[in-house]
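Values in this text are rule-based calculations from the coordinates and carry no lab data. Since the model is a prediction, treat every value here as computed from it, not as a measurement. In this analysis, Cβ positions are derived from the backbone assuming ideal geometry, glycine residues included, and neighbour counts consider all displayed protein chains.
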Amino acid sequence: MALTAVVRIPTRALLRPWARLRDSALGWMEPVGGVEVSTQRFGSQRVLVEPASAAGVAVMTFKNPPVNSLSLELLTELVINLEKLENDKTFRGVVLTSDCPGIFSAGLDLTEICGRNPAHYAEYWKAVQEMWLRLYLSNLMLVAAINGACPAGGCLMSLTCDYRVMADNPKYAIGLNETLLGIVAPFWFKDTLVNTIGHRASERALQLGLLFPPTEALQVGMVDRLVPEDQVQSTALSVLAQWMAIPDHARQLTKNMMRKPTADGLLKKRDEDIQNFVSFISRDSIQKSLQMYLAKLRQKKG
Ligand SMILES: CC/C=C\C/C=C\C/C=C\CCC/C=C/C(=O)SCCNC(=O)CCNC(=O)[C@H](O)C(C)(C)COP(=O)(O)OP(=O)(O)OC[C@H]1O[C@@H](n2cnc3c(N)ncnc32)[C@H](O)[C@@H]1OP(=O)(O)O
């Protein structure tokens, strides 16, 4: 029999200034107090959410081809779908994965931070902050099933998860490579990395913009497990099954205790962080670096 549930979407979620929702892409949303949805399969244009066969678990799949870059739309849909899962108390764990072959996520969408105006940069950065805060502090157990390349913002997204399973394919790499683009990983990207791999390894990785192939990523502690490509999702689901054995309240309080101080670092100065980002990214020299990097990416094929 089909499993269905009523999911309440708080209206406040619809009122956030950055979330100028493209309602056409979010067919399940209605600007009223709540909406009934089937948990058989839901989501939106760029984020598919499917309940897994195990009770209480969902798989969230990003499908923003060609490279799952974190566009404003994808970020918005991600946060809304996460909130929807959190409000539905039947879900306790989520696997995050990608529908783009060979790519988990190419990170921030460079077209959102290059050649736009300051108001756009501010709106976009607020959405990036929101994605990080929501994932990092989520009460749900999150496991990243990293089935492809995972640079920069893609890496950040996976680092917010409680556990990372990566495909053991030397073609893939993961890391915060911002310096290679001539930009700087902000302090909360850095803090997330430090909390995962420690200070010294982060200092080196961030300065050099290191992208670690799977074996090195495992060694440094950036991922927790490597498996053959076709077992990434099934392994992530079995990891979740183990985590589900822990009483939720104890695990959630522990997660919050570990992560809240880091999240507070941003929460205390969100507006200042947006201003810093806007003034940094608007510099001519930074825009030139980004344009050159994008041009190189585009030329690669030709
Ligand atoms: C003092 C200052 C203090 C503080 C500073 C304050 C603020 C901080 C400031 C800035 C912080 C910004 C933090 C930024 C984080 C980021 O995430 S930046 C993005 C970094 N991402 C990357 O470097 C990845 C780039 N992409 C790739 O390496 C490859 O595309 C891939 C390995 C992901 C996939 O390779 P392929 O399969 O070979 O695909 P293609 O390379 O051919 O790409 C297809 C298509 O997609 C376009 N594209 C790729 N990545 C992006 C992207 N991130 N955004 C937008 N578009 C992307 C690529 O150009 C191709 O386009 P077309 O040629 O088809 O048009």
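Sort 292, 131, 257, 141 so the one with the fewest other Cβ atoms within 10 Å of its own Cβ comes first.
On the way: 292 12, 131 21, 257 9, 141 25.
Going from least to most buried by this count: 257, 292, 131, 141.
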| request: Would you be so kind as to identify which of 98, 207, 233 lies farthest towards the positive end of the dipole of the chain, taking Lys and Arg as +1 and Asp and Glu as -1 on Cβ and the Cα centre as origin? | output: 207
| request: Would you kindly compute the Cα radius of gyration of the chain and its largest Cα-Cα separation (Dmax), both in Å? | output: 18.5, 59
| What net charge is computed for the residues neighbouring residue 189, neighbours being all others with C-beta under 14 Å from the C-beta of residue 189, Lys and Arg scored +1, Asp and Glu -1? | -3
| Under a plain spin-label model, where a point goes 7 Å from the Cα along Cα-to-Cβ, how far apart in nm are residue 90 and residue 229? | 3.5 nm
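Please report the net charge: other residues with Cβ closer than 12 Å to the Cβ of residue 233, K and R +1, D and E -1. Working shown, then result.
Numbers: positive: none; negative: 50, 99, 229, 230.
Here the charged neighbours net out to -4.
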| remark: Residue separation between residue 116 and residue 137 times 0.36 nm, minus their alpha-carbon distance, gives in nm 4.5 nm
| query | Which percent of Cα-Cα pairs in the stretch 196-302 sits in each 10 Å bin, short to long? | reply | 11, 20, 33, 27, 9, 0
| task | Give me the distance in nm between label points sitting 7 Å out from Cα along the Cα-to-Cβ direction at residue 187 and residue 238, one decimal. | result | 4.3 nm
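Using only DSSP helix segments of four residues or longer, with each worth -39500 (n - 2.57), what per-residue ellipticity at 222 nm results for the chain after dividing by its residue count and rounding to 500?
-14000 deg cm²/dmol
How long is the gain from residue 254 to residue 279 if the chain were fully straight, where each residue apart is worth 0.36 nm and the alpha carbon distance is subtracted? Walk me through the numbers before you get to the answer.
Values: separation 25, 0.36 × 25 = 9.00 nm, distance 3.68 nm.
Taking 0.36 nm per residue and subtracting the Cα distance, the gain is 5.3 nm.
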| message | Show me, for the stretch 217-226, the HN-Hα J-couplings you get by feeding each phi into the Karplus relation (A = 6.51, B = -1.76, C = 1.60, θ = phi - 60°), rounded to Hz, glycine and proline as x. | response | 4, 5, 4, 7, x, 6, 10, 9, 7, 10
| message | Using Cβ contacts closer than 10 Å as the measure, can you line up 163, 136 from fewest to most? | response | 163, 136
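If R₀ is 51 angstrom, what is the calculated FRET efficiency for the pair residue 246 and residue 297, using the beta carbon separation as r and rounding to 0.05? Intermediate results must be reported in sequence, preceding the final value.
Working: r = 42 Å, r/R0 = 0.83.
Using R0 = 51 Å, I get an efficiency of 0.75.
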| query | Excluding residue 167 itself, what net charge comes from residues whose Cβ is under 10 Å from its Cβ, given Lys and Arg +1 and Asp and Glu -1? | reply | -2
| request: Using amide H atoms built 1.01 Å from N in the peptide plane, name the residues 5+ places from residue 59, or on other chains, whose amide H lies under 5 Å from its own. | output: 50, 52, 95
| query | Given charges of +1 on the Cβ of Lys and Arg and -1 on the Cβ of Asp and Glu, with all other atoms neutral, how large is the dipole of the chain about its Cα centre, in debye to the nearest 20? | reply | 400 debye
